[in-house]
Amino acid sequence: MITALIRRLAEMVFVMVGISVMVFLIFFATPGSDPAARIAGRNATQEAVAQVRVDFGFDRPLPVQYVLMMKRLFVDRDLKSFVNRGQNVIPQVLEATPITLSLVFGAAVLWVIGGLAVGVIAAATQGSLIDRTLMVLALIGVSMPVFWFGEVMNLLSQARFHDTWLFSWVPALGYKPLSEDPWGWFKTLVIPWFSLAVLYIGIYGRVLRANLVEAYQEDFIRTARAKGLSPARVMLRHALRTSLIPFITMFGLDFGVLVGGSALLTEVVFGLNGIGRLTYIALQNLDLPMILATVIYASFFVVLANAVVDFIYIFVDPRMREA
Amino acid sequence: MTDPIRPALLDVDHLKVSFATDRGRVTAINDVSFRIDDGEFVAIVGESGSGKTVSLLSILGLTDRRTTFVEGTAAFRGRPILGLPDRELRRIRGKQIAFIPQDPLTALTPVHTIGWQIVEQIRTHETVSKEAAKKRAIELLDEVGLPNPAAAFGRYPHQLSGGMRQRAVIAMALSCNPALLVADEPTTALDVTVQAQVLDLLKRLRRDHGSAIILITHDMGVVAEVADRVMVMYAGRVIERGTAREIFAAPEHPYTWGLMASIPPVEGPRPHRLPSIPGTPPTPANIPPGCAFAPRCAHRFAPCAGLPPALSASGHDAFCFLDDNARAAGRAALFAAPETAA
């Protein structure tokens, strides 16, 4: 177990180094691009560009450039965004991280609970009106783009019905840090959580239902029923436990990608200055240092989420333990 | 043979099972009646798709209620169990009537240990402590002949061999001391030596626990070894019924002859090819009117277009128009067959 953990961590580091090399090569070693001119800024003088070139070691071989860049980014932490002069990249990423994490964690709790509930209830009542209603609702949830649904929620809670009892509690858009104002944090995030989770509740509910329905064809379900177990027990202890693997796999992928910045649309709609927005702005301005930092940050979470998923597999399915 | 005061352990009368399909209702089981008394060992024999398993699953309420329609009556110890609410039926299922599934590779939930699954069944039906249930589970695993039962208790199904898994499944079925064990081809997925061990185990369990056993199988060799009474099924009907001795000494239905002829002879020269019954059994959707076996039967004649007379209430009988002389002649040809085939 311990060796598996260490091996997995080593793999993670390896993957992340690989990703940082790729990103570095794409942005800094693409023929025809002059990273020194980019870093120096749009209206920089020839002297300034030359100075940057020497500072960043762009006149030296690529491997050296890469090591220098990583040293600046992680060790010295003085890699500056060229758009907002004087702003270091790392503190900006660190500032945006808790916002995105709060958003995605909360939404993940909602969509895991919601997905499980929808999947289990639909599968248990397979073919009935409840099942069909849930599946239609799930399909609607999947089909609603988050930017549209988020705006509708904003329209209802911030404007149209803001003065009614229903939404008078909703604070203005923006983020309140958890450490300073936990209740405010919760109130500002409830609606974004829900808006982001709706899509995933739909997807996860439908996938789980399909897996459960398939599991009910299995012999071991018949054995469980032949044992005289209650339907709830057959569902939860036998069918659900064996149907969770695809659910967990999807969760690992979605969670990692969302924390890595894919929650952009939700962040923009609800005025949350998270990682997605940071990456988006950096890409718009071709802010290479910032792109480098956010991509490596995102890769860290994707890789981490996948590693966590692998460990959950081992916990959920004993057959994976020997592999 | 049957005690008139005490009701039979399981009394099935005119069981009919049909499925809803895209092309309407399809009858899979037609007019199946049988009774089993305490401690009896009954074998139900037939090809795949003859309805052996479906008839018993429907009695136990294990078929899909939305697509399967069960008619007729089935009484367990005099109490009707068809159409019983699920809550009531669950008290019988697993406790009084236990089911041993066909394929032990897939019949156990892969994510729980063997012990957990046995304890689950014990504690579903009896209020005992976890420790007591565990102790009993280990005793059961020992009784079915698992080496090192305490270790096997903590094993997952995939960590055991096929034979050990089948023993574990049998131990689980026995855990509440059922009066009736329904074993659905318990030896099909196992190799021959393990098959023999499992059959011995079933025989020993019947002796020690006094459970009646219904063995579903397609293997006449297995039947010969263990069964007291035999029912042969074809296309959803019982086509021959009698004691094992009667059936093996004097099979009456041409289909049973075909089954017997396909048993490899133990002595004498090895036949070049085992005789087989031409054609394939009908699917439930296209069972011919009249005798369902007629299209494959070498002895068919004009009356076979109609339904043969119903089986007599007891004793050895076949669902066939052939009279006693014709049956005797067919049998004679059958028992001569191995020599001619060689």
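The values are calculated or read from the model by the stated rules, or taken from the named source; none is laboratory data. Just so it is clear, the structure is predicted and the values come from calculations on it, not from any experiment. All Cβ positions, glycine included, derive from the backbone under ideal geometry; neighbour counts span all protein chains shown. The protein model used for the area step is the full one, side chains on, heavy atoms only, and it has no ligands, DNA or RNA in it. Shrake-Rupley method; radii C 1.70, N 1.55, O 1.52, S 1.80 Å.
Things worth noting here:
- Enumeration of residues in segment B:94-138 that are surrounded by 24 or more Cβ atoms within 10 Å (Cβ to Cβ), more than 7 Å from every other protein chain (Cβ to nearest Cβ) and in a loop (DSSP other than H, G, I, E, B): B:Pro104
- Considering only residues in segment B:293-333 that are outside any helix (DSSP H, G or I) and either of a type in the set (Val, Ile, Thr) or in contact with a Phe, Trp or Tyr (Cβ under 7 Å, 6 or more places away or on another chain) (or both), the one that is most open to solvent (accessible area, probe 1.4 Å) turns out to be B:Leu311.
- The residues in segment A:128-177 that are among the small types (Gly, Ala, Ser) and modelled with pLDDT under 90 can be counted, and the count is 5.
- Of the numbered criteria (1) part of a helix (DSSP H, G or I); (2) within 17 Å of A:Val295 (Cβ to Cβ), the one A:Thr30 fails is (1).
- Apart from one condition, B:Arg204 fits all of (1) within 14 Å of chain A (Cβ to nearest Cβ); (2) surrounded by fewer than 20 Cβ atoms within 10 Å (Cβ to Cβ); (3) part of a helix (DSSP H, G or I); the exception is (1).
- Residue within segment A:300-322 that is surrounded by 22 or more Cβ atoms within 10 Å (Cβ to Cβ) and among the polar types (S, T, N, Q) present: no
- Applying the criterion of being among the hydroxyl-bearing types (Ser, Thr, Tyr) and part of a helix (DSSP H, G or I) to the residues of segment A:222-243, the residue that is surrounded by the fewest Cβ atoms within 10 Å (Cβ to Cβ) is A:Thr242.
- Screening A:Ala210 with (1) open to solvent by 40 Å² or more (accessible area, probe 1.4 Å); (2) not hydroxyl-bearing (Ser, Thr, Tyr); (3) not in a helix (DSSP H, G or I) gives one miss only, at (3).
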